[in-house]
Amino acid sequence: METKKNPDKTVTSTGAHFWPFPVWLGAFYSVWLLLMVNLDAWSQVASNWGIAVAMAFGSYFAGSTPMGGGTVGFPVLTLLFDHPASLGRDFGLAVQSIGMVSASVFIFVRRRPVDWSLLGPALIGSAVGTPIGSAFVAPHIPDLAVKLIFAVTWAAFGIIHWLKIEAIVRPEGPRVPHDRLDRPLGLLVGVAGGMLAAVTGVGIDMMIYALLVLFYRCDLKVAIPTSVILMAFTSVIGILSNIGLSVFAPKQYMVDINVLWNWLAAAPVVALGAPLGAIVIERLPRAPTLLIVSTLCVAQLVWMLIDQSVMGWQLALTLVALGAISVLFLHLFHLGHHNHFAIAGDKPAASDKVAK
């Protein structure tokens with residue numbers, strides 16, 4: 001059976017091209033089972049069943065929205081189970097290195113549209129920014145500050161979707177690539193987002209998504225797979241950087257052993273949950289899922305403020321940061337509105353850089 005192009009120029013995968021996904025799953029589950037047997041980790045995994053349940057929902061959102069699985073794992077571990085922010089971050093990177101990679105493999109075999117014009121430079125930037133963030137930024141940020149950076153960033157993401165959901169879900173089809181803007185903006189997102197992910201475990205996916213959707217008015221069916229692939233790559237770079245740093249300087253860059261036990265409990269779930277989300281987003285209306293996720297993002301900020309007893313100047317600074325990031329998103333949205341036709345009408349790149 002041959003592949004064929006749909007009217008929206010998206011190539012549909014057939015059985016002949018689908019084989020890498022079951023191969024990936026088989027390889028992962030084989031390694032997971034080997035680790036479970038060799039480490040005799042059954043009791044530790046059983047005691048961490050709660051994170052597996054949480055990530056069943058988190059991995060679905062990871063595949064169907066610009067949220068990494070760590071966006072659910074981080075608050076569950078730091079607020080519900082009272083673990084430090086460093087453990088939540090490392091777990092987020094570790095579990096996304098399975099869930100988001102699994103979703104990425106599925107995206108590739110399904111030949112979903114991906115905005116390579118922006119993603120390519122962002123991958124390069126992430127390869128630079130993530131290790132730098134792990135080595136020189138993350139160790140120097142206090143635990144509470146990490147939690148608040150995470151909570152404020154994603155709450156602002158929720159607010160912009162509440163305000164602009166109709167405009168966000170309206171565009172359809174791939175955009176026209178624009179090298180003059182795509183390369184520097186993609187590189188900037190990669191470096192800055194990589195550093196943010198090194199601190200909180202997530203964030204770079206939201207940044208490239210915001211640029212694509214708010215500024216470029218890109219179709220969510222292109223923006224979300226693009227953000228998933230970037231988060232997958234960044235997660236692998238991030239967890240490998242943290243493990244490598246812990247080997248060379250364990251006192252400064254220690255990775256908690258509980259990261260491993262939580263990862264062993266959640267990884268088999270997210271390996272299937274994230275691709276499931278990628279399937280669902282192809283078939284169901286996108287607005288309800290995004291609004292549910294946006295509400296959860298704002299709710300976790302409220303939960304964080306109450307749980308951490310944030311008061312006084314810390315609360316004021318948090319609210320100022322929330323307002324500033326929300327205004328930044330709105331400004332990006334209005335820039336996209338005013339510049340949309342100018343960007344589309346300018347001289348496009350010679351090659352078609354949106355994968356179909």
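The values are calculated or read from the model by the stated rules, or taken from the named source; none is laboratory data. Just so you know, these numbers come straight off a predicted model, no measurement behind them. When we count neighbours, we look across all protein chains shown, and the Cβ atoms used for this are built from the backbone with ideal geometry, even at glycine.
Here are some notes:
- The set of residues from the range 36-52 being aliphatic (A, V, I, L, M), more than 22 Å from W303 (Cα to Cα) and part of a helix (DSSP H, G or I) comprises M36, V37, L39, V45, A46.
- Test: residue in the range 213-222 that is among the hydrophobic types (A, V, I, L, M, F, W, C), under 14 Å from the mean Cα position of the chain (by Cα) and buried (at least 24 other Cβ atoms within 10 Å of the Cβ): no
- Selection status of V76, within 20 Å of the chain's Cα centre (by Cα), assigned to a helix (DSSP H, G or I) and free of Cβ contacts under 8 Å to residues at least 40 places away in the same chain: yes
- For the range 262-277, a tally of residues being surrounded by fewer than 23 Cβ atoms within 10 Å (Cβ to Cβ) and farther than 15 Å from G92 by Cα returns 2.
- Looking at M55, M67, just one residue is buried (at least 17 other Cβ atoms within 10 Å of the Cβ) and outside any helix (DSSP H, G or I), and that residue is M67.
- Candidates A278, A271, A265, filtered to the one that is under 26 Å from R170 (Cβ atoms) and not in a loop (DSSP other than H, G, I, E, B): A278
- Answer residue from the range 249-278, given it is modelled with pLDDT under 90 and aliphatic (A, V, I, L, M) and is farthest from the chain's Cα centre (by Cα) among those: L276
Let's see how each residue does on (1) within 21 Å of the chain's Cα centre (by Cα); (2) surrounded by fewer than 18 Cβ atoms within 10 Å (Cβ to Cβ); (3) closer than 20 Å to I292 by Cα:
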| position | (1), (2), (3) |
| --- | --- |
| S134 | yes, no, no |
| A145 | yes, yes, no |
| V152 | yes, no, yes |
| F157 | yes, no, yes |
| I168 | yes, no, yes |
| R175 | no, no, no |
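- Tallying residues that are in a helix (DSSP H, G or I) and more than 22 Å from the chain's Cα centre (by Cα) within the range 296-322 yields 12.
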